[in-house]
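Written below as structure tokens is the structure these notes are about.
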Amino acid sequence: MLELLKNLLSWLTSPAQWSGPEGIAARVLEHLEYSVLATLAAAVIALPIGLLIGHTGRGAFLAVNLSSFGRALPTVGLVTLVFLAGGLSVWPVYVSLVALAVPVIITNTYAGMAAVDPEVKDAAKGVGLRGRQVLWQVELPLALPLIMTGVRLATVQVVATATIAAYVSFGGLGRYVFDGLAQRDLVQVLGGAALVAVLAVAADLALGGLTRLLFRGRPATAR
């Protein structure tokens, strides 16, 4: 075990391992590209849906159960299915990562909207605000902390799952995991897994810190 850890540390700290088009630095950038683009696309799709459901109250059952659907989604199977249907391209990776992130963002966006005190909304209507004005000026600002939590959770899930890009012969940190398994190189497998874990934790801490900075002094819920 000590020898394995020593070899892992040597692999992670070797200057040669960090340089070149297949080095750790390049793989991290590829991994971040997949993760950021997929999360942004998921947010563009999910936020309007979550806001609409939370504002109107229609489709609440769907929003509540989408998180369970996201956890049960067979990501690798979806990648394979889209890959077989669409051919060799990076799109199966993005489709699968977006499908993983959308339920989390919808559920948390709905939860944030639903947590807004009805008396606050009634008061806003009492001073003359209409439907869209209540949404943008009252509900959304109060729901933002929980919405940001949903984006953070989705980002961490996407970062941790973006290794599937290597499953269909693309890059990212998953390249070390899949290549290491093919070559029976345990050090490379562990190195890739460790890098993914560090990147996911870093994303979680960064977005958590941003949320605390933006909403300092605000309650954890919108109530």
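The values are calculated or read from the model by the stated rules, or taken from the named source; none is laboratory data. As the structure is a prediction and not an experimental result, all values here were calculated from the model. When we count neighbours, we look across all protein chains shown, and the Cβ atoms used for this are built from the backbone with ideal geometry, even at glycine. Just the protein is used for accessible areas: all its heavy atoms, side chains included, with ligands, DNA and RNA removed. Shrake-Rupley method; radii C 1.70, N 1.55, O 1.52, S 1.80 Å.
Condition (residue is at pLDDT 90 or above and open to solvent by 40 Å² or more (accessible area, probe 1.4 Å)) applied to the stretch 213-221: is it met by at least one residue?
no
Please enumerate the residues belonging to the stretch 168-183 that are surrounded by 21 or more Cβ atoms within 10 Å (Cβ to Cβ) and of a type in the set (Phe, Trp, Tyr).
TYR176
Quick check, is ARG184 in contact (Cβ under 8 Å) with a residue 12 or more places away in the chain and out of contact with any Pro (no Cβ under 9 Å at 6 or more places or on another chain)?
So ARG184 fails the test.
I need a count of the residues in the stretch 109-167 that are of a type in the set (S, T, N, Q) and open to solvent by less than 50 Å² (accessible area, probe 1.4 Å).
5
Scan the stretch 184-194 residue by residue and report those that are under 17 Å from GLY23 (Cβ atoms) and open to solvent by 30 Å² or more (accessible area, probe 1.4 Å).
ASP185, ALA194, listed by residue number.
Give GLY57, GLY77 a once-over and let me know the one that is surrounded by fewer than 16 Cβ atoms within 10 Å (Cβ to Cβ), under 26 Å from VAL134 (Cβ atoms) and at pLDDT below 85.
From the options GLY57, GLY77, the qualifying one is GLY57.
Considering only the stretch 1-29, state which residues are open to solvent by 50 Å² or more (accessible area, probe 1.4 Å) and touching a helix residue (DSSP H, G or I) at 6+ places or on another chain (Cβ under 8 Å).
If the condition is that a residue be open to solvent by 50 Å² or more (accessible area, probe 1.4 Å) and touching a helix residue (DSSP H, G or I) at 6+ places or on another chain (Cβ under 8 Å), then ASN7, TRP18, SER19, GLU22 are the ones that fit.
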